[in-house]
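Asks: The structure is given below, and queries will be raised subsequently.
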Amino acid sequence: MIFAHDTEHALAVVVDLINTGAATSGAEELGGLPGLHAFVARNTFSDIGDLTDSDLARVLDLRERFHAVFHAGDVPAAVQRVNEIVGEVRATPHLTDHDGYDWHVHFFAPGAPLGEHLAADCGMALAYVIASGELDRLRTCEAPDCSRVLVDLSRNRCRRYCDSRTCGNRMHVAAYRARRRAL
Ligand SMILES: [Zn+2]
Ligand SMILES: [Zn+2]
């Protein structure tokens with residue numbers, strides 16, 4: 001494991017969130033509250049109250065700002081963007097073992113709205129990535145017509161494609177054909 005378990009979990013949430021706006025079909029998954037409910041359900045957030053249009057607006061704003069960290073280009077720019085995100089949070093750090101998980105730290109207050117939850121825990125996960133000197137693990141898929149993001153958690157930093165069903169496979173096939181042609 002490259003980062004602590006809950007950091008890797010929060011990074012997976014960041015990737016899922018950013019990719020809701022980068023579907024290869026061009027479809028916007030967070031076009032309304034049903035899409036936001038689906039996002040919350042598949043990421044098993046606990047203790048999230050009723051979701052409203054203001055939650056959706058906050059999440060869409062955060063999605064753009066998380067994405068900007070992936071595109072920052074260098075450490076100082078990424079630091080500035082992460083500090084802006086986490087600096088707005090009213091953090092209430094505490095240990096919790098909710099829902100059968102082992103003890104881990106939450107930075108958001110119990111019962112905080114979804115946007116606060118994401119800004120705190122996902123923002124801190126991105127802060128850890130930078131503080132560990134691992135910013136280059138935040139990547140954009142290298143498939144030519146894909147704009148999805150990924151976090152490369154492989155030992156040897158070799159991951160180039162997102163985990164959409166198409167990208168990895170498609171590129172393997174292309175590489176195979178290219179090798180065949182070269183024979
Ligand atoms: Zn938790
Ligand atoms: Zn891709």
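The values are calculated or read from the model by the stated rules, or taken from the named source; none is laboratory data. Here the structure is a predicted model, which means the values were calculated and not measured. Glycine gets a Cβ as well: all are built from the backbone with ideal geometry, and neighbour counts include every protein chain shown.
Asks: What's the number of the condition ARG63 fails, among (1) under 24 Å from ASP152 (Cβ atoms); (2) at pLDDT 90 or above; (3) exposed (fewer than 14 other Cβ atoms within 10 Å of the Cβ)?
Replies: Condition (3) is where ARG63 drops out.
Asks: Further question on the same structure: For residues that are in contact (Cβ under 8 Å) with a residue 60 or more places away in the chain and not aromatic (Phe, Trp, Tyr), tally how many sit in the stretch 37-57. Before the answer, list the steps.
Replies: Looking only at the stretch 37-57, we keep the residues that are in contact (Cβ under 8 Å) with a residue 60 or more places away in the chain, and these are 40, 45, 47-49, 51, 55.
Add one more test, that the residue is not aromatic (Phe, Trp, Tyr), and what stays is 40, 47-49, 51, 55.
So the answer is 6.
Asks: Can you name the residue in the stretch 5-51 that is of a type outside the set (A, V, I, L, M) and touching a Leu at 6+ places or on another chain (Cβ under 8 Å) and is also nearest to ARG165 (Cα to Cα) among such residues?
Replies: Going residue by residue through the stretch 5-51, those that are of a type outside the set (A, V, I, L, M) are 5-9, 16, 19-21, 24-26, 28-29, 31-32, 34-35, 37, 39, 42-47, 49-50.
Filter once more, so that each one left must be touching a Leu at 6+ places or on another chain (Cβ under 8 Å): 8, 20-21, 32, 37, 39, 45.
Values: GLU8: 21, THR20: 15, GLY21: 17, GLY32: 25, HIS37: 23, PHE39: 18, PHE45: 24 Å.
Of everything passing the filter in the stretch 5-51, THR20 is nearest to ARG165 (Cα to Cα).
Asks: Keeping to the stretch 18-47, report how many residues are of a type outside the set (Gly, Ala, Ser) and within 16 Å of ligand 1 (Cβ to nearest atom). Quick ask: steps written out before the conclusion?
Replies: Residues of the stretch 18-47 of a type outside the set (Gly, Ala, Ser): 18-20, 24, 28-30, 33-34, 36-37, 39-40, 42-45, 47.
Adding the requirement that they be within 16 Å of ligand 1 (Cβ to nearest atom) leaves 40, 42-45, 47.
Here the count works out to 6.
Asks: What pairs come out if I take residues in the stretch 1-25 that are at pLDDT 90 or above and pair them with residues that are within 14 Å of ligand 1 (Cβ to nearest atom) and charged (D, E, K, R) whose C-beta lies under 8 Å away, six or more apart or interchain?
Replies: Filtered contacts from the stretch 1-25: ALA10/ASP121; VAL13/ASP121.
Asks: May I ask you to list the residues in the stretch 1-46 that are charged (D, E, K, R) and touching a His at 6+ places or on another chain (Cβ under 6 Å)?
Replies: So in the stretch 1-46, the residues charged (D, E, K, R) come out as 6, 8, 16, 28-29, 42.
Of everything in the stretch 1-46, just one residue is charged (D, E, K, R) and touching a His at 6+ places or on another chain (Cβ under 6 Å), namely ASP6.
Asks: For the stretch 80-105, give me the residue count where each residue is closer than 20 Å to GLY115 by Cα and in a helix (DSSP H, G or I).
Replies: 9
Asks: Here are some residues: ALA27, ALA41, ALA22. Which one is of a type in the set (A, V, I, L, M), closer than 17 Å to SER147 by Cα and surrounded by fewer than 13 Cβ atoms within 10 Å (Cβ to Cβ)? Break it down stepwise before answering.
Replies: Numbers: ALA41 fails: closer than 17 Å to SER147 by Cα; ALA22 fails: surrounded by fewer than 13 Cβ atoms within 10 Å (Cβ to Cβ).
Every option except ALA27 fails the conditions.
Asks: Another question, then. Quick check: anything in the stretch 3-19 of a type in the set (Val, Ile, Thr), under 21 Å from GLY123 (Cα atoms), within 16 Å of ligand 2 (Cβ to nearest atom) and in contact with an Asp or Glu (Cβ under 7 Å, 6 or more places away or on another chain)?
Replies: No.
Asks: A follow-up question, please. Give me a count of the residues in the stretch 106-121 that are touching a residue at least 40 places away in the same chain (Cβ under 8 Å) and touching an Asp or Glu at 6+ places or on another chain (Cβ under 7 Å).
Replies: So the answer is 6.
Asks: Has the stretch 33-47 got at least one residue that is assigned to a helix (DSSP H, G or I) and of a type in the set (Asp, Glu)? So that I can check it myself, show each step before the final result.
Replies: Quick first cut of the stretch 33-47, residues assigned to a helix (DSSP H, G or I) only: 33-42.
Restricting the remaining residues to those that are of a type in the set (Asp, Glu) gives none.
Taking every residue of the stretch 33-47 in turn, none turns out to be assigned to a helix (DSSP H, G or I) and of a type in the set (Asp, Glu).
Asks: Here are the criteria: (1) more than 16 Å from ligand 1 (Cβ to nearest atom); (2) surrounded by fewer than 19 Cβ atoms within 10 Å (Cβ to Cβ); (3) outside any helix (DSSP H, G or I). Tell me which single one CYS162 does not satisfy.
Replies: It fails just one condition, (2).
Asks: Among the residues of the stretch 106-115, is any part of a helix (DSSP H, G or I) and at pLDDT 90 or above? Step through it out loud before you land on a result.
Replies: Step one: of the stretch 106-115, the residues part of a helix (DSSP H, G or I) are 114-115.
From what's left, at pLDDT 90 or above: 114-115.
Yes, that holds for at least one residue.
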